[in-house]
Amino acid sequence: MKTRLAAFVEECCRIPRFFATISNLALIFSILVAAVGVAEAATQTTTLTISGQNNVVISGLTISTTSGDCIDIVNSTNVTIQASQIGPCGTNNSLANSRGISVSGSSGVHIYDNYIHVEKLASGCCDSHDNVFITNGISNVELRGNVLAYGESNIEINGNNGTNNQISVIGNFLLNPRGPFPRGQNVQSWSNTNVTVNNNYGLSSQDTGTYLYAENQEDSINFGFTNGIDAENNYVTGGHSPSGCGITVDEAANSANVVSNILSNTGQCGIGITSGTNQLVDRNKVLNLTPVSGGGNTAIFVWNQYAESCGPVTVSNNIAEELKPDMVTHSGWWDGGGCGTPTSTNNTWNQAAYNLLYPMATTNPPPLIPPQPYSCVATSPYSTQTSQPPCSGSGSGSGSGSGSGSPLTATLAASPNAISTGQSSTLTWNSTSATSCSGAGFAASGISGSATVAPAATSTYSITCTGNGGSATGSATVTVKKNRGHNH
């Protein structure tokens, strides 16, 4: 016997047979009601598979699985996933498929304004627990305006010998990739052509008081065996790997434009060119004051580490400073050899760069989250963007309390988070759904803002915000290294 809903679907709306591959009837209903403006989202608890289909739009979906990927898109064209809540997905401490969205053999795929958070940890390598995994003959894919958190890699584009083409990653917020090595990237492109990674905000932190899981990042943004790279206007902060960088142009990656990016405390290096031909590093700003023991600790370097050709490389108009672990020695630039003689023009290094960039939270504050929504602001615990209306749908918060709308959250960040005696750090706090905030260890005014502190010893600060009948707390630690640092 047909249900009334099934009869409505068949007789009124004439749903095509491709919905047989979308396993939950409630999902069909969500698509229908979205078309007539009814604000109701389906809930899906098993893998949503879109296979061999054309012209599919999924909007306002809430999906979470305890086994398997959340969404699989296979051999399909013109598929849009938008304004949805995706995660947690799959199984913890395993190699079983547990991805947020897996895309293979497809073209014209658009992933817009979603909150994607696998959260489950992979037990080893590789790509079982990525938030978005793109592979096997993909073309014309765009990810825009998403909030992606806690994946093995947040976005992994693996072209399987160069068969992926025209991939765009624009205006997303990327938080705390969990690895393990060799994964642990916010964005990684390997064996692809024509890849654009622009206007994203990548943040990696080990502060589990503020974030659900600590980062285990290698590089924040990494390109290997990729021809035609555009990495522009990204804001990258955080990272603690002794071998990773904020942005790495890796083995056999050619024709890379690394332009106008801002990198802050990205660990042992900001931008690294390690291989490839026709590379441009131009108008970037790097201030790294959190050196990593055992790392090279250089803001920008060019050094061929592979058998493939390297060079020519142009390094121009950059402002970059990094401190070595002694917190005194400057290393804004290093040419390690093997790439010919890099063309270096109009760059500002070391103390002069520090004077222009410090404190980064004031001179180059981070963007709102996510930086560039497509049509609405993804509902997430971290979203602060106001340029578009919020997407409908539910999210998960980091605070307590009751009420409707965005979850109550509070975050606090220190920049830099390591200083020498006599220096200062800027605390920046943000909140959602809060009516008031108060600081512990510093004076806070308003539900967002910044304050300067100059502790004599290592100190932990916190912000508590109230609203929706509850409260949320964020914290940040400023480490003080005594009797070392800049003279200025």
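The set of residues from segment 108-127 being surrounded by 24 or more Cβ atoms within 10 Å (Cβ to Cβ) and polar (S, T, N, Q) comprises just one member, Asn114. Among the residues of segment 276-287, just one is assigned to a strand (DSSP E or B), in contact with a Pro (Cβ under 9 Å, 6 or more places away or on another chain) and not aliphatic (A, V, I, L, M), namely Gln279. Checking Gly137, Gly171, Gly202 one by one, the residue that is among the small types (Gly, Ala, Ser) and more than 11 Å from the chain's Cα centre (by Cα) is Gly137 and no other.
Screening Ser450 against (1) modelled with pLDDT under 85; (2) not in a loop (DSSP other than H, G, I, E, B) leaves a single unmet condition, (1). If you go through segment 209-230 and keep only what is more than 14 Å from the chain's Cα centre (by Cα) and in a strand (DSSP E or B), you end up with Phe223, Gly224, Phe225, Thr226, Asn227, Gly228, Ile229, Asp230. Look at segment 186-205: where a residue is assigned to a strand (DSSP E or B) and a partner is aromatic (Phe, Trp, Tyr) and open to solvent by less than 10 Å² (accessible area, probe 1.4 Å), sitting 6+ places away or on another chain with Cβ atoms under 6 Å, you get Ser189/Phe223; Tyr201/Phe173. For segment 358-373, residues that are touching a Ser or Thr at 6+ places or on another chain (Cβ under 8 Å) and assigned to a loop (DSSP other than H, G, I, E, B) total 8. Scanning segment 191-228 for residues that are open to solvent by 10 Å² or more (accessible area, probe 1.4 Å) and closer than 17 Å to Leu143 by Cα returns Thr193, Asn194, Thr196, Asn198, Asn199, Tyr201.
Residue-level check: of (1) touching a strand residue (DSSP E or B) at 6+ places or on another chain (Cβ under 6 Å); (2) without any contact (Cβ under 8 Å) to a residue 40 or more places away in the chain, Tyr115 misses just (2). Filter segment 354-369 down to the residues that are open to solvent by 60 Å² or more (accessible area, probe 1.4 Å) and of a type in the set (S, T, N, Q) and list them by number. Once the filter is applied, which keeps residues that are open to solvent by 60 Å² or more (accessible area, probe 1.4 Å) and of a type in the set (S, T, N, Q), segment 354-369 yields Asn355, Thr362. Against the criterion of being open to solvent by 50 Å² or more (accessible area, probe 1.4 Å), among the hydrophobic types (A, V, I, L, M, F, W, C) and either under 21 Å from Ser205 (Cβ atoms) or outside any strand (DSSP E or B) (or both), Ala472 does not qualify. Name the residues in segment 418-445 that are in a loop (DSSP other than H, G, I, E, B), in contact with a strand residue (DSSP E or B) (Cβ under 7 Å, 6 or more places away or on another chain) and closer than 16 Å to Thr479 by Cα, would you? Within segment 418-445, Thr421, Ser424, Gly441, Phe442 qualify.
Could you tell me whether segment 145-163 includes any residue that is over 22 Å from Val377 (Cα atoms), open to solvent by 10 Å² or more (accessible area, probe 1.4 Å), in contact with a Gly (Cβ under 9 Å, 6 or more places away or on another chain) and not small (Gly, Ala, Ser)? Yes: one or more hits. Within segment 332-353, residues that are closer than 13 Å to Ile300 by Cβ and open to solvent by less than 50 Å² (accessible area, probe 1.4 Å) sit with their Cβ atoms under 7 Å from residues that are assigned to a strand (DSSP E or B) and small (Gly, Ala, Ser), at 6+ positions apart or across chains, in these pairs: Gly332/Ala299; Gly332/Ala320; Asn347/Ser316; Ala353/Ala320.
Listed here are the residues, each with its yes/no results for (1) modelled with pLDDT of 95 or more; (2) surrounded by fewer than 20 Cβ atoms within 10 Å (Cβ to Cβ); (3) among the aliphatic types (A, V, I, L, M); (4) in contact with a strand residue (DSSP E or B) (Cβ under 8 Å, 6 or more places away or on another chain).
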site	(1), (2), (3), (4)
Ala231	yes, no, yes, yes
Cys245	yes, no, no, yes
Leu287	yes, no, yes, yes
Ala307	yes, yes, yes, no
Thr314	yes, yes, no, yes
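Here segment 70-107 is the region considered, the condition is being of a type in the set (A, V, I, L, M, F, W, C) and part of a strand (DSSP E or B), and the residue that is surrounded by the most Cβ atoms within 10 Å (Cβ to Cβ) is Ile101.
Look at Ala252 and say whether it is in a loop (DSSP other than H, G, I, E, B) and at pLDDT 95 or above. Taking the combined requirement at face value, the residue satisfies it.
The values are calculated or read from the model by the stated rules, or taken from the named source; none is laboratory data. It should be emphasised that the depicted structure is a prediction, and the values quoted were computed from it without experimental measurement. Here Cβ is always computed from backbone atoms with ideal geometry, including for glycine, and neighbour counts include all displayed protein chains. Only protein heavy atoms, including side chains, enter the accessible area calculation; ligands, DNA and RNA are left aside. Shrake-Rupley method; radii C 1.70, N 1.55, O 1.52, S 1.80 Å.
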